[in-house]
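Take a look at the structure set out below.
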Amino acid sequence: MANPAPKPSLLNRFRLTWNHFKSKLLLKYAFSYILMFLIPLTGVTIFVYENAVKGLRVEIEQSNVNQLNQVKSTIDARMIELQEISGRIAYDKHLTPYMVRHPYYSLEAVQALANYKASSSIAEDLFLYFHDDSNIYSYRGLADLHVTFSSLYQFEHWTFEELRLDLNETRQPLVRPAEQVTVNSRKEPMLVMLVPVKPNDPFPYGTVVYLMKESKLTGVMDSILSDFSGSSYIFGASGEVLTANSHGISLPREELSNLSALEPGIHNLVLDGEQYSVVSVKSEENGWTYVTTMPSFQFFSRVAHVQTLILLVFSITVITGIVAALLLAKRQYHPIKDLMEFAKLGGSGNDSLKLRNEWEWIRQTLHEYSARIDLQEPFVRNQCMLLLLKHGKPDDPEIEQMILSAGLRHPQGQGLYFSAILSWDDAVPGGKSWHERHQLQEMLSNVCLPGPDAQIFGVEFSAKDQFALIISLPGHDDEPVQRRMEQVIEGIQAVIREHSQLALSIGVGMAYRDLAQLNQSFIEAAAALEHRMIRRSGQVTYFEQLAGLNPPADESFWIPRKSMLKLEQSLKQGNESVAVQMIADTIDTIKDEPLQVHLLRCICFDLLNAFLRTASELGMDEVFANMPELTSFETLEELESRLLSLAAAICVQVERNTETGESSLMDDILAYVDQQFADYTLSLEHVALKFAISTSYLSRSFKEKTGSNFSQYIWQRRVDEVIRLLVNTSAPLKEIIEQVGYLDAPNFIRKFKKETGLTPGQYRKEHALKGAAAKRPV
């Protein structure tokens, strides 16, 4: 009665573990749903915020650009107005040197200057000076030059000597930057504009002097920019500051030099350690640059309400989304909860423990599935290419997409496609030459030759010691096709010679512009290769060159040897579509020739003999039993019908022989693996080397044969053997593990437990107890 006591404690412990697991799973669901809506929401919010702020900023800056352009237009108009006044002064008969200095007419000159001064809204004062004169003239009359600019107008930086030199030497309109000028004991910043008279004359005789208050220019800027809270500047053509109007912090002089060099437009700059929004426009009239600057923090203070609104909406949406995510997670969790409770009620403790690792198992299954897809991808690609070689381009959208993604097909059909077959004559299984051949196959599986701009795809097929190539060329080159094909083959030979010393033969088919005719080129390449092996005529044989085997034109007609080779090769390859086309083309050729009856019979029997020869090589003895029916034809149509039936039977036999050969090879490989699975050196590469096949071909064929990949099959065989030894022997565990070819015992134990739910020791003990219970008498 004391024995059952620990059970409730164990059950309670299990329930606590289960509840902890359940809460973690629920929180994981909730957290996942929260992230699912929070991440896009955050992204959208940031996007909306950035666009709203950016849009408002662009709107403000564009408004500044428009206003600054208006400032530029207004001030340019004032400057043009002053130059026009200078032009009128230059041609005014009352303002010539003689009239101004004449005692009688000087009053008229003074009055004329007064009128010109009154016609300008921006000029504070106007003077007319004649070169090398000690006097200067204004609307007030004649005055001494020194007295005028030493007493009436005292410039802070412009000395009298510099002033006199500028008045006499100025040849182009000149504007001096604003500086402090003392007028009647009162200082005021003013600008000076000097315009030579006559304007545009290489030898002017005088200068018109305009004095302008800086406040009038800045007043124009303020009236147009209205509520602008930044600073505005006007730079001369040489980059000097003509006038500045700061509503806040003034920028250092070195920063101003950077502003004068800006291109027209909107800029974001760091000035004096702060971020500024800068707008610049340039006048085409006088080369002046108009610039406004505004600190970025002032700009963002104007969009604070937009920021607050967006953050408020974001916060409300987040709270609502979290509540919805919790409800959705709880609802989504219910089926998992019901499933786990059902498994808990219906299974043992071990089963429950297994269910706790369900997500890990799903994850592992997905990893294995992904690895299986990666493993099958080269096989699918090879099968796709093999379909092209055997049957031309099939009408399958998925295969069409794979062809396009591989880069095989050129756009708008502007391409040339042909096939070549490599054949090794000295490949010895297990030897160095096999390793070199395997390396070359891997290298040529997908390669681009930059010289002829050729894309090459390697394809494994059933023929032993042979490797097919699909070659794609752009079709817009004017060079002869045969020459381009020879360049490609020479490039392939160069690649092979660079990496291997193996001697090989190459058969090359003809080039076609339609990818659907690639199977024709493959048959031609096989025929060319076979003919080379018969004639021993060099390393490369082009099917196109087999035309030389035809009889001379002055002899009697016979079926071209090239066509017969292609027909026989299509039959040997089991390519019924090409064989049917070749039969139809050959019969049509015979029909077009005016032949005598006895020659026609000989040609027909020669054609039939090609089929019978191929059937004999394939061991189709039943064909010869039906010889009378095959030879009893009266018309070419009857012959064509018999040849088509015979071609279909031969292609079926070729397919059957291929499948039998592959099945026999895989049976031998499987028997070898079952015999050697306990060898720790056994690997996919080892088996491929022994049977002289590529690792990729072995991997694909092994999976098709067993349903498992190579490593999974070896692992399962070793596990089965370990289980057998655990149950039927008392050998130490480490010895058993080493006996099946596994040297890392801890890793094996961990994988064994994952596979069976028990360690090897627990497995042996459990089955020993079951065996003892089975032997106990009833």
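Against the numbered list (1) at positive phi; (2) at pLDDT below 75; (3) surrounded by 12 or more Cβ atoms within 10 Å (Cβ to Cβ); (4) within 24 Å of the chain's Cα centre (by Cα), Asp453 comes up short only at (2). Among the residues of segment 206-222, those that are under 25 Å from Asn64 (Cα atoms) and not hydrophobic (A, V, I, L, M, F, W, C) comprise Lys213, Glu214, Ser215, Lys216, Thr218, Gly219, Asp222. Given the criteria in a helix (DSSP H, G or I) and open to solvent by 10 Å² or more (accessible area, probe 1.4 Å), does Met79 qualify? When the stated conditions are applied, Met79 does not pass them. Scanning segment 167-183 for residues that are under 13 Å from Leu82 (Cα atoms) and surrounded by fewer than 20 Cβ atoms within 10 Å (Cβ to Cβ) returns Pro173, Leu174.
Of all the criteria given as (1) in a strand (DSSP E or B); (2) in contact (Cβ under 8 Å) with a residue 12 or more places away in the chain, the one not satisfied by Pro202 is (1).
Tally up the residues in segment 82-102 that are touching a residue at least 12 places away in the same chain (Cβ under 8 Å), open to solvent by 30 Å² or more (accessible area, probe 1.4 Å) and part of a helix (DSSP H, G or I), please. Qualifying residue count for the region: 4. For Asn268, the conditions (1) of a type outside the set (Lys, Arg); (2) within 19 Å of Val58 (Cα to Cα); (3) open to solvent by 70 Å² or more (accessible area, probe 1.4 Å); (4) modelled with pLDDT under 80 all hold with the exception of (4).
Does Tyr697 count as modelled with pLDDT of 85 or more, surrounded by 13 or more Cβ atoms within 10 Å (Cβ to Cβ), of a type outside the set (A, V, I, L, M, F, W, C) and assigned to a helix (DSSP H, G or I)? Criteria not met by Tyr697.
Filtered by the rule that a residue be buried (at least 16 other Cβ atoms within 10 Å of the Cβ), over 48 Å from the mean Cα position of the chain (by Cα) and not in a strand (DSSP E or B), segment 226-243 gives a lone residue, Gly236.
Could we say that Phe633 is more than 30 Å from Asp585 (Cβ to Cβ) and of a type in the set (Phe, Trp, Tyr) here? Spelling it out, it is not the case that Phe633 is more than 30 Å from Asp585 (Cβ to Cβ) and of a type in the set (Phe, Trp, Tyr). Report every pair of residues separated by at least 6 positions or lying on different chains whose Cβ atoms are under 8 Å apart, first residue within segment 693-708 and of a type in the set (A, V, I, L, M), second open to solvent by 30 Å² or more (accessible area, probe 1.4 Å) and assigned to a helix (DSSP H, G or I). From segment 693-708, the pairs are Ile693/Leu665; Leu698/Leu684. Within segment 184-208, the set of residues being open to solvent by 20 Å² or more (accessible area, probe 1.4 Å), under 16 Å from Gln154 (Cα atoms) and either touching a helix residue (DSSP H, G or I) at 6+ places or on another chain (Cβ under 7 Å) or of a type in the set (Gly, Ala, Ser) (or both) comprises Ser185, Pro189. Look at segment 236-255: where a residue is without any contact (Cβ under 8 Å) to a residue 60 or more places away in the chain and a partner is among the aliphatic types (A, V, I, L, M) and open to solvent by less than 40 Å² (accessible area, probe 1.4 Å), sitting 6+ places away or on another chain with Cβ atoms under 7 Å, you get Asn245/Met221; Leu251/Leu271; Glu255/Leu271. Taking the conditions (1) in contact with a Gly (Cβ under 9 Å, 6 or more places away or on another chain); (2) modelled with pLDDT of 85 or more in turn, Tyr33 satisfies each one other than (2). For Asp667, the conditions (1) modelled with pLDDT under 80; (2) closer than 30 Å to Glu738 by Cβ; (3) open to solvent by 40 Å² or more (accessible area, probe 1.4 Å) all hold with the exception of (1). Do we find a residue being modelled with pLDDT of 70 or more, out of contact with any Pro (no Cβ under 8 Å at 6 or more places or on another chain) and either under 17 Å from Val488 (Cβ atoms) or open to solvent by less than 30 Å² (accessible area, probe 1.4 Å) (or both) anywhere in segment 403-413? No, the conditions are met nowhere in segment 403-413. When Ala671, Ala649 are screened for being of a type outside the set (S, T, N, Q), without any contact (Cβ under 8 Å) to a residue 60 or more places away in the chain and closer than 21 Å to Ala610 by Cβ, only Ala649 passes. Return the residues of segment 712-742 that are open to solvent by 80 Å² or more (accessible area, probe 1.4 Å) and either modelled with pLDDT of 90 or more or not in a loop (DSSP other than H, G, I, E, B) (or both); say none if nothing qualifies. If the condition is that a residue be open to solvent by 80 Å² or more (accessible area, probe 1.4 Å) and either modelled with pLDDT of 90 or more or not in a loop (DSSP other than H, G, I, E, B) (or both), then Arg724, Asn728, Lys734, Glu735, Glu738, Gln739 are the ones that fit. Assessment of segment 641-662 against the conditions (over 28 Å from Ile583 (Cα atoms), modelled with pLDDT of 85 or more, within 44 Å of the chain's Cα centre (by Cα) and not β-branched (Val, Ile, Thr)) yields no matching residue.
State which residue is surrounded by the most Cβ atoms within 10 Å (Cβ to Cβ) when the search covers only segment 271-291 and only residues that are hydrophobic (A, V, I, L, M, F, W, C) and in a strand (DSSP E or B).
Only one residue fits best here, namely Val279.
One residue stands out in segment 103-132 among those that are outside any helix (DSSP H, G or I), free of Cβ contacts under 8 Å to residues at least 40 places away in the same chain and in contact with a helix residue (DSSP H, G or I) (Cβ under 8 Å, 6 or more places away or on another chain): the one that is surrounded by the fewest Cβ atoms within 10 Å (Cβ to Cβ), namely Asp132. When segment 32-55 is filtered for residues that are small (Gly, Ala, Ser) and in contact (Cβ under 8 Å) with a residue 60 or more places away in the chain, the ones remaining, listed by number, are Ser32, Ala52.
The values are calculated or read from the model by the stated rules, or taken from the named source; none is laboratory data. Because the structure is a prediction, the values reported are computed rather than measured. Positions of Cβ are backbone-derived with ideal geometry, glycine not excepted, and every protein chain shown enters the neighbour counts. The accessibility values were calculated without ligands, DNA or RNA, using every heavy atom of the protein model including side chains. Shrake-Rupley method; radii C 1.70, N 1.55, O 1.52, S 1.80 Å.
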